[in-house]
1. Run Val26 past the list (1) in contact with a helix residue (DSSP H, G or I) (Cβ under 7 Å, 6 or more places away or on another chain); (2) modelled with pLDDT of 95 or more and report the number of the one that doesn't hold.
2. For Glu92, are the conditions met, namely being within 16 Å of Ser205 (Cα to Cα) and without any contact (Cβ under 8 Å) to a residue 12 or more places away in the chain?
3. How many residues does region 91-132 contain that are within 16 Å of Ile213 (Cα to Cα), of a type in the set (Lys, Arg) and out of contact with any helix residue (DSSP H, G or I) (no Cβ under 8 Å at 6 or more places or on another chain)?
4. With respect to the numbered conditions (1) farther than 25 Å from Phe27 by Cα; (2) out of contact with any Gly (no Cβ under 6 Å at 6 or more places or on another chain); (3) touching a residue at least 60 places away in the same chain (Cβ under 8 Å), which one is the sole condition not fulfilled by Ser81?
5. Among the residues of region 186-214, how many are under 23 Å from Trp167 (Cα atoms) and without any contact (Cβ under 8 Å) to a residue 40 or more places away in the chain?
6. Inside region 96-183, counting only helices (runs of 4 or more DSSP H) that do not spill past its ends, which hold 3 or more residues that are among the small types (Gly, Ala, Ser)?
7. Identify the residue in region 169-226 that is more than 19 Å from the chain's Cα centre (by Cα) and of a type in the set (Gly, Ala, Ser) and, among all such residues, is nearest to His110 (Cα to Cα).
8. Determine the pairs where a residue that is more than 23 Å from Ile117 (Cα to Cα), located within region 31-55, has a partner that is outside any helix (DSSP H, G or I) with Cβ atoms under 7 Å apart, the partner being 6 or more residues away or on another chain.
Amino acid sequence: MVIAKRARSNEQKGERREEILVAAEVFLEKKSFRRIGIADIAAQAGMAKGTVFLYFKTKEELFLAIAAREFEQWFDEMDRSFAEIAGSPEKEARNRVLSALSEMLEPDAHLINLIPIVHTVLEQNIRYPQAREFKQMLGRRLPHTGALLEGCLPFLRPGQGVTFLLWMYALVIGFSHLATPAPVIKKVFQKEPALRMMQIDFGASYPDALGAILDGWKAQNRGRKK
């Protein structure tokens, strides 16, 4: 392993930070967060362990930075999709929205692996500036994307676009946990067929739940107009 020299310029520091994030992403594709060590990431990036801590004070800060980038990309994808769907007939728009949202969260995507631990793990060991920056990014993106969603689905009331995105996020967290039970729980389900009703298939349950929310709001909102 070749240990890189210390970065001096802002450009070099930016490149070094990117190298660390890319190295961490390599391990995220193979291991769970808890099994990834800073020493492993440093070795993958070709630098000393201490160098990583110059850029990220904790492992949680490092992976929250990855999560932030994944969230930005998720918002970008939603913005593009919703802009394309806007103006479509209502039923078609509803189906296209659900299809697009389902396709954005592939089972092996970094984001779907990070979302379940953002609140319970990552945000528990970060500094105030990093926490503030992360929440400000979300606060900046949510209203814009929510408004685009409302443009696709005119039956939504003002503000329901943001609410839908937050509920969607909560569903991803819940369904992700239920769809990936611990090995011992998997064994229980295998040996006890009567208990398999508690198994959740993310790919099937997630879009169905989103559709139920939209259909419920549609009926509710139109009922209020009468």
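The values are calculated or read from the model by the stated rules, or taken from the named source; none is laboratory data. In this text, all values refer to a predicted model and were calculated from it rather than measured experimentally. Note that we place each Cβ from the backbone using ideal geometry, even for glycine, and neighbour counts take in every protein chain shown.
1. Evaluating Val26 over (1) in contact with a helix residue (DSSP H, G or I) (Cβ under 7 Å, 6 or more places away or on another chain); (2) modelled with pLDDT of 95 or more leaves (2) as the failure.
2. no
3. So the answer is 1.
4. For Ser81, the failing item is (3).
5. Here the count works out to 9.
6. Helices (runs of 4 or more DSSP H) meeting the threshold: 128-152, 160-179.
7. Here the residue is Ala182.
8. From residues that are more than 23 Å from Ile117 (Cα to Cα), the pairs are Ala43/Met1; Gly46/Met1; Gly46/Val2; Gly46/Ile3; Gly46/Ala4; Met47/Ile3; Met47/Ala4; Ala48/Ile3.
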